[in-house]
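The values are calculated or read from the model by the stated rules, or taken from the named source; none is laboratory data. Every value quoted in this text rests on a predicted model; they were computed, and no experiment measured them. As a convention, Cβ positions derive from the backbone with ideal geometry for all residues, glycine included, and neighbour counts pool all protein chains shown.
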Amino acid sequence: MIKCGTQRIETDRLVLRPFTVGDTQDMYRNWASDPEVTRFLTWPAHANCDVTRMVLSDWAARYADGGYFNWAIEWKENSSVIGSIAVVKLNEETEAADLGYCMSRAFWGRGVMPEALKAVIGYLFDNAGLNRIAACHDANNPKSGRVMEKAGMKLEGIWRQAGKNNLGICDEVWHSILKSEWKAL
Ligand SMILES: CC(C)(COP(=O)(O)OP(=O)(O)OC[C@H]1O[C@@H](n2cnc3c(N)ncnc32)[C@H](O)[C@@H]1OP(=O)(O)O)[C@@H](O)C(=O)NCCC(=O)NCCS
């Protein structure tokens, strides 16, 4: 794989770019403080801005590592940061990555995350030289599965009671896409 890190990516409606500590207000207000957004996630909604600031300073320090991939999703129209999309697990041996994403409720249902996911998948295959990209969701959160399908990922199967999120232990539904499949799309 090529350790090209979190570079800027532009799509029709979005700019994907590294987070900075300056994104604290947007991240806290737009999604990190919202328990509806974090319902199926592994971290609790942030209690205040200080939590968000700490998270962002930790992330910002990690961008020096070219194997760290974590994008802020910026809405082009007004430059506000509305969500995140990141590699949550990287396996350099198998050239594989697992992705995770979340976004402000105000933007749900507009195809924004599929747009971001397609761009990140393309980047990780073309620039980082990966061969496999996967993601999973709680079986009770099927709309995340729709995002994966819309980005061209295929259903692999269900890992029964293999995950734990804010709702407790859950079945994980896995989707993936291989570089060869991406090239054929
Ligand atoms: C899951 C999530 C990323 C979806 O992103 P999105 O940009 O809204 O995705 P889409 O617009 O493609 O919609 C996906 C599905 O959500 C459903 N949906 C549509 N409008 C919706 C709305 N206003 N509110 C809730 N769900 C809606 C639909 O089933 C849609 O599928 P369809 O287009 O086939 O009808 C977003 O809801 C989110 O951030 N959720 C909280 C965090 C999370 O669950 N992350 C995933 C963890 S695995």
Residue among LYS89, LYS76 that is closer than 24 Å to SER57 by Cα, in contact with an Asp or Glu (Cβ under 9 Å, 6 or more places away or on another chain), free of Cβ contacts under 8 Å to residues at least 24 places away in the same chain and not β-branched (Val, Ile, Thr): LYS89
Filtered residues of the stretch 68-80 (kept if within 15 Å of the chain's Cα centre (by Cα) and either away from the ligand (no atom under 16 Å from the Cβ) or part of a helix (DSSP H, G or I) (or both)): TYR68, PHE69
Tally of residues being away from the ligand (no atom under 16 Å from the Cβ) and assigned to a helix (DSSP H, G or I) across the stretch 29-51: 3
Members of the stretch 16-28 that are crowded, with 18+ Cβ neighbours inside 10 Å and in a strand (DSSP E or B): LEU16, PRO18
Any chance THR20 is among the β-branched types (Val, Ile, Thr) and either closer than 29 Å to VAL173 by Cα or in contact (Cβ under 8 Å) with a residue 60 or more places away in the chain (or both): no
Of all residues in the stretch 118-156 being more than 25 Å from ILE169 (Cα to Cα) and touching a Ser or Thr at 6+ places or on another chain (Cβ under 7 Å), the one that is nearest to the ligand (Cβ to nearest atom): ALA119
Flag for MET54 being assigned to a helix (DSSP H, G or I), of a type in the set (A, V, I, L, M), surrounded by 19 or more Cβ atoms within 10 Å (Cβ to Cβ) and out of contact with any Pro (no Cβ under 7 Å at 6 or more places or on another chain): no
Unmet requirement for GLU181, which otherwise passes all of (1) within 9 Å of the ligand (Cβ to nearest atom); (2) surrounded by fewer than 18 Cβ atoms within 10 Å (Cβ to Cβ): (1)
Hey, ALA60 surrounded by 15 or more Cβ atoms within 10 Å (Cβ to Cβ), within 17 Å of the chain's Cα centre (by Cα) and more than 28 Å from LYS143 (Cα to Cα) or not: yes
Filter result for SER176 (within 15 Å of the ligand (Cβ to nearest atom), farther than 24 Å from GLU10 by Cβ and among the hydroxyl-bearing types (Ser, Thr, Tyr)): yes
Residue that is farthest from GLY67 (Cα to Cα), among those in the stretch 97-117 that are more than 9 Å from the ligand (Cβ to nearest atom) and surrounded by fewer than 18 Cβ atoms within 10 Å (Cβ to Cβ): ALA106
Breaking point among (1) within 16 Å of the ligand (Cβ to nearest atom); (2) exposed (fewer than 14 other Cβ atoms within 10 Å of the Cβ), for THR94: (1)
Selected residue [touching a Cys at 6+ places or on another chain (Cβ under 8 Å) and either assigned to a loop (DSSP other than H, G, I, E, B) or at pLDDT 95 or above (or both)] from GLY83, GLY109: GLY83
Of all residues making up the stretch 128-182, the number that are in a helix (DSSP H, G or I) and free of Cβ contacts under 8 Å to residues at least 40 places away in the same chain: 9
